[in-house]
Amino acid sequence: MKLRLCLSLVVILLCLSVRAQKPVKIQFDSNKEVSGQKFAIRDISPGLPTNWDNYNFVVLEFRITTSQRFHIGFTTATGYNELRVMSYTPNGWNKLAIPLKFYRRLPDAALDLAATYNQPRYTGWINLGGKRGPLQGVDSIGIRMNAPINNPTFELRSIALSVEDPGDQYLENKPAVDEFGQSNLCEYEGKIHSLEQLKNEWETEDKEIIPTKNSRKVNETTGEMMDRTVAVNLYNYSKYGGYLQAKGKVTGFFHTEKIDGKWWFVDPDGYLFLSHGVDCVSPGGGGNIRDLDKRNGMYKELPPQDLNANSPRRGASFGAWNLFRRYGEGYPEKSREMIVKRMDKWGLNTIGNWSSPEVMQMNKKAFMFQLRDVGIEGGLMGLPDVYATDFASKVDAGCKASVEQYKNNPWLIGYFTGNEPSWLEQEERLCSMILDGPEKPIKTELKAWLAKGDTPERRKQFIFKTFRTFLETVDLSIQKYDPNHLNLGIRFGNVMGIDHEILEICKDVFDVFSFNCYDLYPKKEMMDRAAEITGLPMIIGEYHFGTVDRGMAQSLWQVNSQQERGVAYRYYTERAYQHPGLIGTAYFQWCDQDLTGRRDGENYNCGMVDVTDRPYQYQVEAVMKTSERLFEIHTGKLQPVDQAPVKPRGHGAMPDFWNK
């Protein structure tokens, strides 16, 4: 106790002494691929110890003029060690406490990649990257940025150390978030400044008419004529979103067919179908508030707490409040109808993963659904303990609860089993974690397996064997309770390096091979390899592009402007459908993420729609243009657009140089 009191006193004294120092400042250079600077810690915080073994947090007081991710690193006796950081308060001073365990050791086991690498704080968030090692001989701090947008600046006026978590602190008098859920610290084209302005824009959209016409078609089962209403649009979609100009077999449910060397979904009425979709389709997104008690002074005005009373999200939400302002008491139903209207207009025919059940169950758009309660464990990096005596019964119960309700619903395309398991390419580490962990059936089985030979390859084979058992058990339960719909697989997070044997396992179990691909475009050689080994058609479950003008982080692939987001969408999506095996894409996501972070901290500008329930015009115009062309691109009659975005950048490792 005495040691902790002394250390806390040291931290207080250091903070007091640092306030007298002049802030150090960096002007990032947008003409350089990487821009940044290192500073001697003694020049910022004289007297700060160089051995940080007895501390758990480093506390930085800084201001940055952008929400673009940047790297904070320390030079130690064993090398340079850095993390990615994003600020929720661009242009405002804040104090951010970073847990030092993120620098010292690999991430804790978690369910999927996002849960593993994203770490929430209160004035910003952290993404785990860079090296790991002891924090001894710490003598300098480095701040750098990959592909800076618009020459942002960074100022640092305090570095302190702490044993206990001191929390984060917003240090400005001006609130960081306005009454509409927008950033209050930056200006941009189209920003809302009054409710009157917002209502005028909503009214303009409300008055837009999606032309329809009545038509008749023959019911191929009964021979009777049926009336239907279809959108007079450029997409020539059937009732379910298939292409009226091309047919396959009629089965009453979605299935897949390979025709003239090209894979397709086929809709329930037999029309060829490419799943052009969006994830997280839900009204009222982009403005949820968490940890309010730890964010003093950040919000200008809080939404009513009870608007989300019937939502799984619950709690204060600017997204829900804006919909209430738009539609009044009936906002949930009216906002769902607007979603369908927008999808009709934009040519989107599929509601992707993570979407609102209420939107899916309208049965106005085809949808995909992820299974729940199938035994996936965060402590096993997303791998279930298939050796537990109750594993099969739990999977059976979880599948029954998930799929039985949809068994006879023709609007459902199929089910995903999981998303981005974090154990891939970490099999040896996972085995070590199992062996070092509590006594469980999977530990007993692994020890027996390794007793016959303990090599890296045998450890990998144990994980693969366990994974196969998991997938086969789930598939049997799906077929038991719903033989009508497709097994869409697991949305893998890294297909380029995925093991050949994993692809072979997928071949034996899935109807479709799915993966998420955050890149400038999905590489042909990657898809060729997956298609050749699995023999299956493919879905891209997530991709997106974002920028920083809205005070949010720029997504996993950044571009320089909102206009460039549309350019990037067309470049990626059209190239994807050029591949003969690609039959579906889902853009991530419908609405921007929460400005002050979702549960894992992410606050990406990645939406089709913003927190004020307004579409991003450049983005949706790009979607419409691509929607018109997808059928002919996939058949080979049209080539994809060749205009690429200017200076796009991915979320990969920082190049190993400074100021180039």
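The values are calculated or read from the model by the stated rules, or taken from the named source; none is laboratory data. Keep in mind it's a predicted model, so treat the numbers as computed, not measured. Virtual Cβ from ideal backbone geometry, glycine too; neighbours counted across all protein chains shown.
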When the stretch 535-556 is checked residue by residue, the ones that are of a type in the set (Gly, Ala, Ser) and over 15 Å from the mean Cα position of the chain (by Cα) are Gly535, Gly551
For helices (runs of 4 or more DSSP H) lying entirely in the stretch 353-454, having 2 or more residues that are more than 24 Å from the chain's Cα centre (by Cα) picks out 391-403, 427-436, 441-450
Quick count over the stretch 426-453, residues being surrounded by 13 or more Cβ atoms within 10 Å (Cβ to Cβ) and among the acidic types (Asp, Glu), is 3
Of the candidates Asn363, Asn409, Asn419, Asn353, the one satisfying the condition of being farther than 28 Å from Leu106 by Cα and in contact (Cβ under 8 Å) with a residue 60 or more places away in the chain is Asn353
- For the stretch 351-360, indicate whether the set of residues that are out of contact with any helix residue (DSSP H, G or I) (no Cβ under 8 Å at 6 or more places or on another chain) and over 18 Å from Gly286 (Cβ atoms) is non-empty. yes
Sole miss for Gly379 among (1) surrounded by 19 or more Cβ atoms within 10 Å (Cβ to Cβ); (2) among the small types (Gly, Ala, Ser); (3) farther than 30 Å from Asn409 by Cβ is condition (1)
How many residues of the stretch 256-303 are of a type in the set (Lys, Arg), assigned to a loop (DSSP other than H, G, I, E, B) and over 27 Å from the mean Cα position of the chain (by Cα)? The answer is 1
Only unsatisfied item for Ala160, checking (1) under 15 Å from Pro99 (Cβ atoms); (2) of a type in the set (A, V, I, L, M, F, W, C); (3) within 25 Å of the chain's Cα centre (by Cα), is (3)
Picked from the stretch 645-660 (must be buried (at least 17 other Cβ atoms within 10 Å of the Cβ) and assigned to a loop (DSSP other than H, G, I, E, B)), the residue nearest to the chain's Cα centre (by Cα) is His651
The strands (runs of 3 or more DSSP E) lying entirely within the stretch 505-597 that contain at least 1 residues which are small (Gly, Ala, Ser), out of contact with any helix residue (DSSP H, G or I) (no Cβ under 8 Å at 6 or more places or on another chain) and surrounded by 22 or more Cβ atoms within 10 Å (Cβ to Cβ) are 513-515, 582-587
Contact list, first residue from the stretch 62-89 and more than 19 Å from Asn184 (Cα to Cα) and basic (Lys, Arg), second anywhere and surrounded by fewer than 20 Cβ atoms within 10 Å (Cβ to Cβ) and at pLDDT below 95, beta-carbon distance below 7 Å, six or more apart or interchain, is Arg84/Gly129
Those residues of the stretch 355-382 that are closer than 21 Å to Ser393 by Cβ and of a type in the set (Asp, Glu) come to a total of 2
Worksheet item: In this structure, does Lys95 turn out to be in contact (Cβ under 8 Å) with a residue 60 or more places away in the chain, among the charged types (D, E, K, R) and either surrounded by fewer than 21 Cβ atoms within 10 Å (Cβ to Cβ) or outside any strand (DSSP E or B) (or both)?
Response: yes
Of those in the stretch 483-495 that are within 19 Å of the chain's Cα centre (by Cα) and in a loop (DSSP other than H, G, I, E, B), the residue surrounded by the fewest Cβ atoms within 10 Å (Cβ to Cβ) is Asn494
Among the residues in the stretch 91-111, are any among the polar types (S, T, N, Q) and farther than 15 Å from Phe154 by Cβ?
no
Taking the stretch 275-301 and keeping residues touching a strand residue (DSSP E or B) at 6+ places or on another chain (Cβ under 7 Å), among the charged types (D, E, K, R) and surrounded by fewer than 24 Cβ atoms within 10 Å (Cβ to Cβ) leaves Arg295, Lys300
If we scan the stretch 186-208, do we find a residue that is modelled with pLDDT under 95, over 30 Å from the mean Cα position of the chain (by Cα) and farther than 30 Å from Asn51 by Cα?
-> yes
>> I'd like to check something: does the stretch 302-313 contain any residue that is out of contact with any Ser or Thr (no Cβ under 6 Å at 6 or more places or on another chain), closer than 26 Å to Arg598 by Cβ and hydroxyl-bearing (Ser, Thr, Tyr)?
In response: yes
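One line per residue, one yes/no per condition, for (1) in a helix (DSSP H, G or I); (2) hydroxyl-bearing (Ser, Thr, Tyr); (3) buried (at least 18 other Cβ atoms within 10 Å of the Cβ); (4) out of contact with any helix residue (DSSP H, G or I) (no Cβ under 8 Å at 6 or more places or on another chain):
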{"residue": "Asp43", "(1), (2), (3), (4)": "yes, no, no, yes"}
{"residue": "Leu48", "(1), (2), (3), (4)": "no, no, yes, no"}
{"residue": "Ser67", "(1), (2), (3), (4)": "no, yes, yes, yes"}
{"residue": "Val85", "(1), (2), (3), (4)": "no, no, yes, yes"}
{"residue": "Leu106", "(1), (2), (3), (4)": "no, no, no, no"}
{"residue": "Ala115", "(1), (2), (3), (4)": "yes, no, yes, no"}
{"residue": "Ile126", "(1), (2), (3), (4)": "no, no, yes, no"}
query: For the stretch 547-561, does any single residue satisfy the condition of being closer than 19 Å to Gly261 by Cβ and touching a His at 6+ places or on another chain (Cβ under 7 Å)?
result: no
The lone condition Ser627 fails out of (1) in a loop (DSSP other than H, G, I, E, B); (2) among the polar types (S, T, N, Q); (3) touching a strand residue (DSSP E or B) at 6+ places or on another chain (Cβ under 8 Å) is (1)
Filtering the stretch 631-644 for residues that are among the acidic types (Asp, Glu) and either under 26 Å from the mean Cα position of the chain (by Cα) or exposed (fewer than 12 other Cβ atoms within 10 Å of the Cβ) (or both) leaves a count of 1
Selection from the stretch 191-207 of residues surrounded by 14 or more Cβ atoms within 10 Å (Cβ to Cβ) and assigned to a loop (DSSP other than H, G, I, E, B) yields Lys191, Ile192
Considering the stretch 90-116, residues that are of a type outside the set (A, V, I, L, M) and within 19 Å of Phe74 (Cα to Cα), and then whichever is modelled with the lowest pLDDT, we arrive at Pro107
(1) more than 23 Å from Glu337 (Cβ to Cβ); (2) modelled with pLDDT of 95 or more all hold for Tyr237 apart from (1)
